[in-house]
Amino acid sequence: MTTTRTRRTVFHVSMRDGKWIVTRERRPDGEYDAFETKDEAVARARGEARQQLPSQVKVHRADGSLDSEFTYGADPFPPEG
């Protein structure tokens, strides 16, 4: 029997040109509005993610390193063991 794995929609919050932006993986038009604060961008990304289950938000620091992440819905790739 073949099973189909649902891909998780992944959003990133990162800094670009002094603004916090939200992008969506694997979408050329995935960039959303730029925000003045990281909190505003995270709120936008989390709101979008809640509407597109299963999904994940990866929040980056200004230097690009991963700060935190939020996962919504059933994880299509749960850890084994």
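Tallying residues that are more than 10 Å from Val10 (Cβ to Cβ), open to solvent by less than 40 Å² (accessible area, probe 1.4 Å) and hydrophobic (A, V, I, L, M, F, W, C) within segment 46-74 yields 1. For first residues located in segment 28-57 and free of Cβ contacts under 8 Å to residues at least 60 places away in the same chain and under 24 Å from Gly18 (Cβ atoms), partners that are part of a loop (DSSP other than H, G, I, E, B) and open to solvent by 50 Å² or more (accessible area, probe 1.4 Å) and lie 6+ apart or on another chain with Cβ distances below 7 Å form the pairs Arg44/Tyr32.
Here Glu31 clears all of (1) over 12 Å from His12 (Cβ atoms); (2) of a type in the set (Asp, Glu); (3) modelled with pLDDT under 95 except the condition numbered (1). Could you tell me whether any residue of segment 35-44 is open to solvent by less than 70 Å² (accessible area, probe 1.4 Å), assigned to a strand (DSSP E or B) and modelled with pLDDT of 95 or more? Yes, segment 35-44 has at least one match.
The values are calculated or read from the model by the stated rules, or taken from the named source; none is laboratory data. Because the structure is predicted, anything quoted here is derived from the model rather than measured. Counting neighbours? That spans all protein chains shown, and the Cβs are built from the backbone with ideal geometry, glycine included. Accessible surface areas use protein heavy atoms only, side chains included; no ligands, DNA or RNA. Shrake-Rupley method; radii C 1.70, N 1.55, O 1.52, S 1.80 Å.
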